[in-house]
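Visitor: Sharing a structure below in C-alpha cells format, with a few things to ask.
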Ligand SMILES: Nc1ncnc2c1ncn2[C@@H]1O[C@H](COP(=O)(O)OP(=O)(O)OP(=O)(O)O)[C@@H](O)[C@H]1O
Ligand SMILES: [Mg+2]
C-alpha cells in the first residue's frame, strides 16, 4: 500500500532558487526511507513540503489520500495530526518537563485528560525515558532530548514520522541510540519513517531504502542501499 | 466536550500568561482601571442627574397670574394661548377664591384676616398652574407666556434647577470625550501587551502548529488573555463604585443639598452599573487582543 506519492513536483522559492525539480517518488506504508544528498540538495525542502510547511510550485503530493499541495492553510492542522516531525534542534519547551513536553502535543488538540496521561507515558516508555519524566530539557543529554522530541512526535500514533537530520547534533553513540528507537517505532508501530541525513555510518548500518538527491533532482533510489555506494558520485 | 477542554485550557493559559508577564499586564490593567473608574463615575452621575431631573420636572410648576380686570373670555384666551405653546405638559386653572381658601387653610392668621374679605375685596389673582415637558427650555417658555395679553406675572423655581441640569450636561460631554480617548489608549496598550506575549511564546506557537493544533485553538488563549486583562481591570472600579456609592448615598441620606434632588437607591442600581462596567472592561480587552491576534499571529 502506498502512503505517499509525489508527481512531477517542483519547488521554486520566492527568491528564485529552485530547490526541487520534477520529482517523482512513491513511498509504501511501513517503509523506512533515508533521504540523502549534499548540503543544499533539497532534503529539507522535500520534508517541508510533506508536512505542508512549503507548498510545491508545481505537481501533486498525495499523502494518505490527501492532496497536500492543495490543502488550505486553515486545514493544515488536519494533516499535521496524522504525522510526527522531528528536527535536528529538538524544539522542546525549555520551561516544561519531559512529561509536559510530550503531553503538550495531545493537550493542544483537545485530547481527554486520562488519554493524555496514558499515551504520554506509553510514548516515553517506548523511547526509554520513563525514568526521567520530571526532568527539564536542560537536565538531559542531547540524545535524551531528541528522544523526548521523538516521543512527542509519535504520541498521537501518526502514520508517518518525518525526521530532518535528527542525529545532526549528536555523537555516534547517541546517534545509534536514536536509530534504535526509530527502528523500534518502525517495526513495532508500523509507522512509516522518512529521514533526511548526512550521516554515512547510519545509512550504511541500517540497510534501508535510500533516496539520493542532487541539486534538487532525485538521482537514485536503492532498496537496502548504502551511503558508501553513492558517496563517490553524489558529493 | 472537546470544545470545553480547549476553552478551559485557553482560560488557564491566559491567566498564566497574565501573571507571567505581570509588569506588562499591570500597565494594561491600570489603564483599564482608570478608564473604568471614570466611566463608572460618569455613569452614576449622569444616571442620577437623569433621575432627579425627572423627579424635579414633576414638581416644577410655574404660576401664571392673570390681571385683575380679566373677563371670563380673557381667561379662556390666555388658556388657549398657553396651550398653543409647544413645551406645555399640563395646565390647570386656580381661581383667586381657591388661592384664598388654600392660604386660609395653611395659616391661622391668614384665616382670621382673609375670612372677613368679600369676593369683590379679594386682592389675590386668578392663575394658571403650568407644567413644562422640557425643563431646560423653561426660560423661553416663560418669556412666551409673559407676552400673552392679560398675563400679569409669571413665577417659577428660581432657575437654579435648569442651571444645574445645564452644567451637568456639559460635564457629561467632557466625560464622554475623556472616556473615548482613554478607551483608545487602553486598546493600544492591550494590543501591545498581547503582541509581546505572542512574541514571547513564538516557540510554543510553532510547536502547536507542528503537532496540529487548529488555528482557532492557537489564537483563543491570546484573545482570552485580553478578556482577562479587562476583567482584572474592572475589579477595582466595581468595588470602588459599589462601596463608594452606598457610602455616598448614606452620607447624604438619599438627597443631595435639597430634598428635591433625590439620589437613586443603591440597590439594585449599583449591580446594573457594576454589570455594565465589567462588560465594558471585557469588551475593551477583547477588542485589543483580537486586533493583536489578527495583526501578529498570522496563519
Ligand atoms: N526559505 C527559503 N527561501 C529561499 N531559498 C531556500 C529556502 N530554503 C531553502 N532554500 C534553498 O533551497 C535549496 C535547498 O535547500 P534545503 O534546505 O532543502 O537543502 P538541504 O538538502 O536540506 O541542505 P542541508 O543539508 O544543508 O540541510 C538551497 O539552495 C537553499 O538555499
Ligand atoms: Mg536541511
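Visitor: Condition first: within 16 Å of ligand 2 (Cβ to nearest atom) and under 30 Å from residue A:17 (Cα atoms). Can you find one or more residues in the stretch A:148-160 that meet it?
Guide: Among the residues of the stretch A:148-160, not one is within 16 Å of ligand 2 (Cβ to nearest atom) and under 30 Å from residue A:17 (Cα atoms), which makes the answer no.
Visitor: I'd like to verify a number: residues in the stretch A:195-207 that are closer than 21 Å to residue A:39 by Cα and more than 13 Å from ligand 1 (Cβ to nearest atom), how many? Lay out the reasoning, then the answer.
Guide: Going through the stretch A:195-207, the residues closer than 21 Å to residue A:39 by Cα turn out to be A:195-204.
Next, from what is left, pick out any that are more than 13 Å from ligand 1 (Cβ to nearest atom): A:200-204.
So the answer is 5.
Visitor: OK, next. Is it the case that residue A:194 is assigned to a strand (DSSP E or B) and closer than 24 Å to residue A:84 by Cα?
Guide: yes
Visitor: Moving on to the next point. I'm trying to understand the selection: among the residues of the stretch A:39-56, which are within 16 Å of ligand 2 (Cβ to nearest atom) and closer than 30 Å to residue A:187 by Cβ? Even if it seems obvious, please write down each step before you answer.
Guide: Step one: filter the stretch A:39-56 for residues within 16 Å of ligand 2 (Cβ to nearest atom), giving A:39-51, A:53-54.
Of everything in the stretch A:39-56, those that are within 16 Å of ligand 2 (Cβ to nearest atom) and closer than 30 Å to residue A:187 by Cβ turn out to be A:41, A:42, A:43, A:44, A:45, A:46, A:47, A:48, A:49, A:50, A:51, A:53.
Visitor: Further question on the same structure: How about the stretch A:2-48: which strands (runs of 3 or more DSSP E) wholly inside it have at least 3 residues that are out of contact with any helix residue (DSSP H, G or I) (no Cβ under 7 Å at 6 or more places or on another chain) and near ligand 1 (Cβ under 7 Å from one of its atoms)?
Guide: Those strands (runs of 3 or more DSSP E) do not exist here; none qualify.
Visitor: When you check residue B:251 against the structure, is it more than 22 Å from residue B:27 (Cα to Cα) and either in contact with a strand residue (DSSP E or B) (Cβ under 9 Å, 6 or more places away or on another chain) or touching a residue at least 40 places away in the same chain (Cβ under 8 Å) (or both), yes or no?
Guide: Working: more than 22 Å from residue B:27 (Cα to Cα): yes; either in contact with a strand residue (DSSP E or B) (Cβ under 9 Å, 6 or more places away or on another chain) or touching a residue at least 40 places away in the same chain (Cβ under 8 Å) (or both): no.
It is false that residue B:251 is more than 22 Å from residue B:27 (Cα to Cα) and either in contact with a strand residue (DSSP E or B) (Cβ under 9 Å, 6 or more places away or on another chain) or touching a residue at least 40 places away in the same chain (Cβ under 8 Å) (or both).
Visitor: Do you know which residues across the stretch A:111-121 are touching a helix residue (DSSP H, G or I) at 6+ places or on another chain (Cβ under 9 Å) and farther than 12 Å from residue B:211 by Cβ?
Guide: First, pick out the residues of the stretch A:111-121 that are touching a helix residue (DSSP H, G or I) at 6+ places or on another chain (Cβ under 9 Å): A:111-113, A:115-117, A:119-121.
Listed by number, the residues that qualify are A:112, A:113, A:115, A:116, A:117, A:119, A:120, A:121.
Visitor: Exactly one condition in (1) surrounded by 15 or more Cβ atoms within 10 Å (Cβ to Cβ); (2) more than 20 Å from residue A:192 (Cβ to Cβ); (3) away from ligand 2 (no atom under 14 Å from the Cβ) is not met by residue A:4; state its number.
Guide: It is condition (2) that residue A:4 fails.
Visitor: When you go through A:102, A:35, A:68, A:17 one by one, which is the residue that is within 16 Å of ligand 2 (Cβ to nearest atom) and farther than 21 Å from residue A:168 by Cβ? Quick ask: steps written out before the conclusion?
Guide: Numbers: A:102 fails: within 16 Å of ligand 2 (Cβ to nearest atom); A:35 fails: farther than 21 Å from residue A:168 by Cβ; A:68 fails: within 16 Å of ligand 2 (Cβ to nearest atom).
None of the others qualify; the one that does is A:17.
Visitor: Another question about this same structure. Kindly list, by first and then second residue, each pair from a residue in the stretch A:42-57 that is within 14 Å of another protein chain (Cβ to nearest Cβ) to a residue that is more than 10 Å from ligand 1 (Cβ to nearest atom) and assigned to a loop (DSSP other than H, G, I, E, B), limited to pairs with Cβ atoms under 8 Å and residues at least 6 apart or on different chains.
Guide: That search, which allows pairs on different chains as well, returns A:52/A:71.
Visitor: Right, here's the next one. Of all residues in the stretch A:169-196, which are in contact with a strand residue (DSSP E or B) (Cβ under 7 Å, 6 or more places away or on another chain) and within 16 Å of ligand 2 (Cβ to nearest atom)?
Guide: Scanning the stretch A:169-196 gives A:194, A:195, A:196.
Visitor: Given A:199, A:138, which one is modelled with pLDDT under 95 and either more than 14 Å from every other protein chain (Cβ to nearest Cβ) or more than 16 Å from ligand 2 (Cβ to nearest atom) (or both)? Walk me through how you get there before you give the answer.
Guide: Values: A:138 fails: modelled with pLDDT under 95.
Answer to the selection: A:199.
Visitor: At least 2 residues that are in the same structural domain as residue B:47 (by TED's automatic domain parsing) in each: list the helices (runs of 4 or more DSSP H) lying fully within the stretch B:74-180 that qualify. Write out each step before concluding.
Guide: Working: elements: B:96-106, B:108-114, B:138-147.
Counting at least 2 such residues, we get no helices (runs of 4 or more DSSP H) at all.
Visitor: Ok, one more. For residues that are touching a residue at least 12 places away in the same chain (Cβ under 8 Å) and surrounded by fewer than 19 Cβ atoms within 10 Å (Cβ to Cβ), scanning just the stretch A:96-105, find the one that is nearest to the other protein chains (Cβ to nearest Cβ).
Guide: From the stretch A:96-105, those touching a residue at least 12 places away in the same chain (Cβ under 8 Å) are A:96-99, A:101-105; that's our starting set.
Imposing the further condition that a residue be surrounded by fewer than 19 Cβ atoms within 10 Å (Cβ to Cβ) reduces the set to A:96-97.
Details: A:96: 9, A:97: 15 Å.
Filtering first and then ranking leaves A:96.
Visitor: Here is a follow-up. Among the numbered conditions (1) modelled with pLDDT of 90 or more; (2) surrounded by fewer than 17 Cβ atoms within 10 Å (Cβ to Cβ); (3) more than 27 Å from residue A:75 (Cα to Cα), tell me where residue B:257 comes up short.
Guide: Evaluating residue B:257 over (1) modelled with pLDDT of 90 or more; (2) surrounded by fewer than 17 Cβ atoms within 10 Å (Cβ to Cβ); (3) more than 27 Å from residue A:75 (Cα to Cα) leaves (1) as the failure.
Visitor: Further question on the same structure: Hey, can you tell me all the residues within the stretch B:190-223 that are more than 10 Å from every other protein chain (Cβ to nearest Cβ), crowded, with 19+ Cβ neighbours inside 10 Å and more than 12 Å from residue B:13 (Cβ to Cβ)?
Guide: B:190, B:191, B:193, B:194, B:195, B:198
Visitor: Here is a further query. Suppose we filter the stretch A:68-95 for residues that are at the interface with chain B (Cβ under 9 Å from one of its Cβ atoms), assigned to a loop (DSSP other than H, G, I, E, B) and more than 17 Å from the chain's Cα centre (by Cα); how many remain?
Guide: Selection size over the stretch A:68-95: 2.
The values are calculated or read from the model by the stated rules, or taken from the named source; none is laboratory data. Since we're looking at a predicted model, the values are computed, not measured. With ideal geometry, Cβ positions are generated from the backbone for all residues, glycine too; neighbour counts draw on all protein chains shown.
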